[in-house]
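One structure is given here, and the rest of the page talks about it.
The values are calculated or read from the model by the stated rules, or taken from the named source; none is laboratory data. Only a predicted model underlies this, so the values are computations on that prediction, with no experimental measurement involved. All Cβ positions, glycine included, derive from the backbone under ideal geometry; neighbour counts span all protein chains shown.
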């Protein structure tokens, strides 16, 4: 905004100088460079001064990572899945032998390099290559067409390089859930990621 004001004023100053009856040499053209103003932009989910950071707790997975998640969410105990794999608001139950998803956010580590683990999907609507604490990562958004979830289901996924292995984390839109909050929680969880000895 400031740069436009400076550039817009330059022609008016030149015009006023030409119309001025002042004696002396004709005014020379002056190059005006746009002013650059650094603006701090908060990342999604970053608390502002008016919005204090939400309380979190953390868990460590036997798969070799530790993450933080909101205090009003829970995670699974060891059993059907490794501990610290599924996350959701309140309580939820991990089904014994079913493909039913009961928690909006899941994390798992796969023994694949990032390039293979983060291969493009046919129903992706956005793909961004990023870094998470110096580690290469890919964040994707998709809207399902056919497959495990009903058509139109929104899924946000992260793949983070763990040195030959890859952390896969996603937030799936579940019926009756708050998908926007789940995505915000997922993004913060990925930012809090700490590899551990697995």
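Remarks
- Test: residue 131 is more than 23 Å from residue 62 (Cα to Cα), surrounded by 12 or more Cβ atoms within 10 Å (Cβ to Cβ) and modelled with pLDDT of 95 or more: no
- In the range 143-169, residue nearest to residue 120 (Cα to Cα) [restricted to those that are in contact with a helix residue (DSSP H, G or I) (Cβ under 7 Å, 6 or more places away or on another chain) and in contact (Cβ under 8 Å) with a residue 60 or more places away in the chain]: 168
- Listed by position, the strands (runs of 3 or more DSSP E) enclosed by the range 90-198 include none that has at least 1 residues that are under 18 Å from the mean Cα position of the chain (by Cα) and not assigned by TED's automatic domain parsing to the domain that holds residue 65.
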